[in-house]
Each structure stands twice: as C-alpha cells, then as structure tokens.
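Take a look at the structure set out below.
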Protein chains: 2
Amino acid sequence: MEETDSRDAALDRAFLALADPVRRRLIARLSRGPATVNELAEPFEMTKQAVSKHIQVLEHAGLITRSRDGQRRPCHLAPAALEELTAWIDSYRLVAEAQFRRLEALLGSAETAGPSRENRKEEEQ
Amino acid sequence: MEETDSRDAALDRAFLALADPVRRRLIARLSRGPATVNELAEPFEMTKQAVSKHIQVLEHAGLITRSRDGQRRPCHLAPAALEELTAWIDSYRLVAEAQFRRLEALLGSAETAGPSRENRKEEEQ
C-alpha cells in the first residue's frame, strides 16, 4: 500500500509538472541537450526567478536532474521518468483499444452472420 | 498562435486531469469497458457527488466521453486523447534518447581513438 502511495504521489507530481505550457517548453528545450537556468530562461519573457521555479517543479517531479560542471549546474532531461508516464498511459490505452477491437469484431461477425444466413438460404435454393 | 494556445490548453487540462490518483483509477476502470457513474463510484469510499466531479474533470479534459443508452449515460475512455499525450511525451523523450546515444557514441569513439593511436605507434615501431 505504501508503495502504491509513493508511486501515486510520484505520478501526481509528474503529471502536474507537465500541466503547464512553460514547463512543457522547458522539457522540449532540454530534449535537445542539457542547459543552464540562464540558457533556459533566455527565450522567455519572464524573470529568471519565475523560470527557476518552474525548473524546481520539474526537478521535484523527477523529470529533470541537475549535474555540477565547475560553477555551472546544467539541467538534464530524465527520459526514464518520461517513459514511466507513457508506460502508465499506454497500459490503459492499449487495454481500451483491445477491448474496442474485440467489440468491433463481435459486432462485425454479428452483422455478417445476419445477412449471410439469408444469402446462404438463397444460394441453397 | 491561437492553435498553439488551444493545444496548450488541451494539454494543460489533460495532464492536470491525470495528476490525481482517483482520476487515474477511473481511467484504469474505464479501460476495461464503459461504466455508469454509479458503477464507477461503487469501489470508492467517497460520495457519488465527489466521484461525479472527478468524472467531469476527465470529461472536460477529453479523456472520457459519455453516451446515452436509454436512461443510462455510460462513460467511455477516449484512447485517442490518451495517445495524444503519449505522443507529446514520446516526441521529446525519443529526441533526448537519440541525443544521449549520439553523445555516448562520440565518447566511445573518443576513448577508443585515444589509446588506439598510442597502440598504433607501438605497433609501428
């Protein structure tokens, strides 16, 4: 139960972190390679402090990590954390799609079973 | 720009909708097939009204739809909407992973290039 709780809390933080256009743009930028807070803040029309807060949210959610390179502390994307999110979504999406295809196949066989019986009768005559 | 804004708003709503353990359990349940609000509320230790609110959040985010079946209004999962989310995440995850592999390959060839030059010298002697 505790494990479920901590996984739930991690998913809460990660999905919440992605529910913001600025943070999604930061993810997009970091996908092309590591960058410092200054570099990340540059294209935004907001204070470095505001961008820094968004970065902290992403870091707390485990979606980015920070390394040390002398005085620089570049941010890196954590692809494994993103993969966990797609794995969570896909596990249910794929079940739903399989269910849908099964239903479609059932409806399809019911539809063809109906008229085909009639056709068979005609062919037999 | 407007299109980006509306797509951003849609992603905001969808990721925010997933940032809650109850709503994720509702998604999990609906992946196995449609269900009414009463059926969805049954396993939860909360009022039907509270579950109903969570369902509204999921519906507003486009992650579930509702049909009419006489008096029943069952909820259905919208796999295409979930797929859009994984597509968004994966587009950046895959770029990041490709960058990482490229870097790894570069470091690998730099490492083998270093000592191999020395080795070649020794071999030439």
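None of the figures in this text is laboratory data; all of them are computed from the coordinates on show. Because the structure is predicted, anything quoted here is derived from the model rather than measured. Note that each Cβ is placed from the backbone with ideal geometry, even for glycine, and that neighbours are counted across all protein chains shown.
Here is the tail figure for the stretch A:21-95: Cα pairs spaced more than 21 Å apart come to 29 percent of all pairs. The ranking of B:R29, A:R32 from fewest to most other beta carbons within 10 Å of each one's beta carbon is A:R32, B:R29. With label points set 7 Å from Cα along Cα→Cβ, the inter-copy distances at A:Q71 are 7.4 nm, sorted shortest first. Distances between equivalent label points of B:E39 across the copies, with each point positioned 7 Å along Cα→Cβ, amount to 5.2 nm, shortest listed first. Considering every alpha-carbon pair of chain B, the percent of pairs per 10 Å bin, from zero through the bin containing the longest distance, is 11, 29, 20, 13, 9, 8, 7, 3, 1, 0.
Mean projected area of the Cα convex hull of the stretch B:1-50, taken over all directions, amounts to 4.4 nm².
Each residue of the stretch A:44-55 is assigned a 3J(HN,Hα), and the resulting list reads 8, 8, 8, 5, 4, 4, 5, 5, 4, 5, 4, 5 Hz, derived from the Karplus form 6.51 cos²θ - 1.76 cosθ + 1.60 (θ = phi - 60°), x at Gly and Pro. Inter-copy label distances at B:R101, shortest first and taken from points set 7 Å along Cα to Cβ: 2.5 nm.
Think of it as helices only: each DSSP H run of n ≥ 4 in chain A is worth -39500 (n - 2.57), and spread over all residues that comes to -24500 deg cm²/dmol at 222 nm. The alpha-carbon atoms of the protein assembly as shown define a convex hull whose volume equals 276 cubic angstrom per residue.
Only Lys, Arg, Asp and Glu carry charge here, each on its Cβ (+1 for the first two, -1 for the last two); on that basis the stretch B:1-98 has a dipole of about 620 debye about its Cα centre.
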